[in-house]
Every structure is written in C-alpha cells, then in structure tokens.
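Step one of this worksheet: look at the structure below.
Please treat every number below as a calculation from the coordinates, not as lab data. Just so it is clear, the model here is predicted, and its values are computed rather than measured. No Cβ is skipped: glycine too gets one built from the backbone with ideal geometry, and neighbour counts run over all protein chains shown.
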Amino acid sequence: MKIFVIPIGTVRGGVFGALKRSLAQVFSADVEMTARRPITEEAYDFQRRQYYANAILDDLDDEFIIDKKEERVLGILDADMHTDPMNFIFGLANHRTACCLVSLARLRPEFYGQKQDRELFHSRVVKEAIHELGHTFRLGHCRNRHCAMYFSDSVTDTDAKKAGFCPVCRKKFSSEQT
Ligand SMILES: [Zn+2]
Ligand SMILES: [Zn+2]
C-alpha cells in the first residue's frame with residue numbers, strides 16, 4: 001500500500017513528519033509527500049468564508065488515477081471547509097476514488113482560543129487522517145468512541161479517539177485488503 005499525502009495550498013504547522021510516521025504504521029504503508037497543489041479557487045464560498053470540501057475533493061479525484069488495490073491519496077488543506085448539510089467538517093472521503101481530504105483549520109487549539117500545543121494539534125491531524133483514509137477502505141462510522149472511525153462532532157470527540165482502529169474496524173480493514 002502506498003499513501004500519497006498532498007498539501008493543497010500553503011500548509012503550516014509541520015504536520016507531515018507526524019503523518020508519515022503514524023500512517024505508515026496504521027496502514028502498513030509507504031507514505032510519500034508530494035508537491036503542493038493549488039487550491040481550486042472555485043471551491044471558495046465568499047459568503048461563508050469557507051471552502052466547499054466536495055469541490056476540492058472532486059479536484060483531487062480528477063487529478064489522480066489511483067490503483068485502489070495499491071494506492072490512496074490524502075489531501076491536506078490548511079483552511080476551514082464545509083459540506084452540505086454541515087457547517088464545517090474536519091475531513092471528507094470518497095471510497096469510490098480512494099481520495100480523501102483533511103482540513104487543519106479547526107484542529108489547532110488556537111482556533112478555540114487555547115494556547116498553541118503542537119503535540120495535541122499533530123495528534124488530532126493524525127486521527128482525522130486515519131479516519132478519512134479508513135473511509136476509503138469502506139469503513140463506516142464506529143460506535144466505539146475510542147476508535148479512529150468514531151464520528152467527530154467536535155475536537156473533544158477527536159481527543160477521545162485513539163490514533164488507530166478498534167478490533168472490529170481493524171478486522172474490516174484487514175478483510176478489505178484481501
Ligand atoms: Zn467519517
Ligand atoms: Zn471501530
């Protein structure tokens with residue numbers, strides 16, 4: 001398995017080292033950072049001051065032809081995004097194309113008026129990346145709140161999750177691989 005991690009626009013915060021280590025371990029994958037891609041400007045909603053996640057994901061879907069048996073694409077966007085009917089989302093995935101997307105904007109403690117905490121920020125990014133990649137392996141949302149596939153309604157949920165799958169999701173993940 002190979003996971004391509006793609007910065008979309010400018011990505012701050014030095015997340016790529018943490019992502020590389022954790023994703024390699026959880027997915028037994030080779031993780032490769034690729035060149036930065038520009039943000040599709042049509043994806044910006046001036047009224048909401050957010051990006052429309054589906055438009056950015058569509059752009060990734062169009063750009064990459066993926067061998068779903070062997071490859072995954074994870075886009076990282078350092079800006080707030082939404083989808084219908086949600087006001088905001090941490091990430092979005094398309095299991096048909098094996099592409100997914102994570103936004104860093106709401107994973108930083110500073111977003112909530114708290115002090116910078118790089119370790120906490122990185123752990124949230126890793127968990128949400130595992131979650132979205134999990135969807136590309138057809139994993140749905142899990143009811144175990146310590147599982148990475150638990151749906152995060154807020155960062156409190158993200159913080160309660162572990163950076164890995166529960167035994168049930170782990171089993172589903174393994175069966176998707178064969
Ligand atoms: Zn989800
Ligand atoms: Zn689970």
Practice prompt. Just the Kirkwood number for segment 61-137, please: inverse of mean 1/r across all distinct Cα pairs, in Å, one decimal.
Written response: 13.2 Å
Response to the item:
Expected vector for segment 68-73, Karplus 3J(HN,Hα) from phi with 6.51, -1.76, 1.60 and θ = phi - 60°, integer Hz, x for Gly and Pro, equals 5, 6, 10, 9, 9, 10
Worksheet, complete the sentence: GNM on the chain, Cα springs under 10 Å; top mean-square fluctuation among Phe121, Phe27, Phe46 goes to Phe46
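If R₀ is 30 angstrom, what is the calculated FRET efficiency for the pair Gln177 and Thr34, using the beta carbon separation as r and rounding to 0.05? If you can, show how the numbers build up before the last one.
Details: r = 23 Å, r/R0 = 0.77.
In this case the efficiency is close to 0.85.
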Worksheet item: If the cut-off is 29 Å between C-alpha atoms, which lysines fall inside it for Lys171, apart from same-chain ones fewer than 8 positions away?
Response: Lys2, Lys20, Lys68, Lys69, Lys127, Lys161, Lys162
Response to the item:
Under a Gaussian network model of the chain whose springs join Cα atoms within less than 10 Å, the largest fluctuation of Lys115, Lys20, Lys161 belongs to Lys115
Worksheet entry | Pairwise FRET efficiency - Asp153 versus Asp117, Cβ, R0 = 22 Å, nearest 0.05 | 0.60
Practice prompt. Taking amide H positions as placed in the peptide plane 1.01 Å from N, state which residues far from Asp78 in sequence (5 or more) or on other chains have amide H under 5 Å from it.
Written response: Ile8, Leu104
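Would you mind giving the three semi-axes, in whole Å and largest first, of the ellipsoid equivalent to the chain according to its Cα gyration tensor?
Working: eigenvalues 100, 77, 48 Å².
Semi-axes from the Cα gyration tensor: 22, 20, 16 Å.
Restricting to the chain, what percent of DSSP beta bridges are antiparallel, rounded to 5?
25 percent
Based on the mean of other Cβ atoms within 10 Å per residue, sort peptides 167-175, 67-75 so the most packed one is first. Working shown, then result.
Working: 167-175: 14.3, 67-75: 18.0.
Per-residue mean Cβ counts within 10 Å order the peptides as 67-75, 167-175.
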Item to complete: Take the Cα of Lys68, step 7 Å along the line toward its Cβ, and report every residue of segment 115-150 whose backbone nitrogen sits under 14 Å from that point.
Response: 135-139
Worksheet item: Taking the simple approach of a point 7 Å from Cα along Cα-to-Cβ for both His141 and Tyr44, what is their distance in nm?
Response: 3.1 nm
